[in-house]
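To start, the structure itself, in structure tokens.
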Amino acid sequence: MKQIICLYILLNTVILQAQDFGKDLEHLAEINQKCLDEGRFMLDCERNYYTQIDSMLNVVYNHIRKPMTEEQKSDLKTAQLSWLKARDKKFNEINKEDMGLGGLDEMMIKYQKKATYVLDRINYFIKQYLNKDE
């Protein structure tokens with residue numbers, strides 16, 4: 001429950017202040033690493049991290065949509081629906097993958113792979129739509 005409240009506060013802060021999303025992502029990664037470094041409940045760490053990254057994708061997506069024209073919004077939606085289909089396919093592959101670890105360790109790595117896949121999409125949005133001057 002504490003992590004859900006922290007996520008809610010973090011995401012609302014991002015929405016209200018339109019902060020640097022890169023720094024927010026770094027902060028989430030740091031929190032996740034600290035959790036993993038404790039060496040306990042590591043699956044929960046990765047599961048929570050994936051949930052936070054997935055929520056951040058929604059925040060970034062909605063942020064970049066706001067200033068767009070209706071045509072741009074439609075194009076973005078079409079592209080995102082296509083990405084979601086690819087994501088679902090990739091996640092099915094990840095879920096079926098046998099790493100030979102079994103148990104909680106394997107599940108933890110699968111959540112990590114999923115988070116990385118979503119993180120790549122967020123970074124694409126940041127580069128494509130928010131850092132045009134770089």
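Each value in this text was obtained by applying a stated rule to the coordinates, not by laboratory testing. Since the structure is predicted, the reported quantities are computational estimates derived from the model, not experimental observations. Every residue, glycine among them, receives a Cβ derived from its backbone with ideal geometry; neighbour counts consider all protein chains shown.
One line per residue, one yes/no per condition, for (1) basic (K, R); (2) out of contact with any Leu (no Cβ under 8 Å at 6 or more places or on another chain); (3) without any contact (Cβ under 8 Å) to a residue 60 or more places away in the chain:
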residue: M56; (1), (2), (3): no, no, no
residue: I64; (1), (2), (3): no, no, no
residue: K73; (1), (2), (3): yes, yes, yes
residue: S82; (1), (2), (3): no, yes, yes
residue: K85; (1), (2), (3): yes, yes, yes
residue: N95; (1), (2), (3): no, yes, yes
residue: M107; (1), (2), (3): no, no, no
residue: Q112; (1), (2), (3): no, yes, no
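Pairs meeting the criteria (first residue in segment 116-127 and more than 13 Å from L28 (Cβ to Cβ), second residue small (G, A, S), beta carbons under 7 Å, at least 6 apart or on different chains) are I126/G22.
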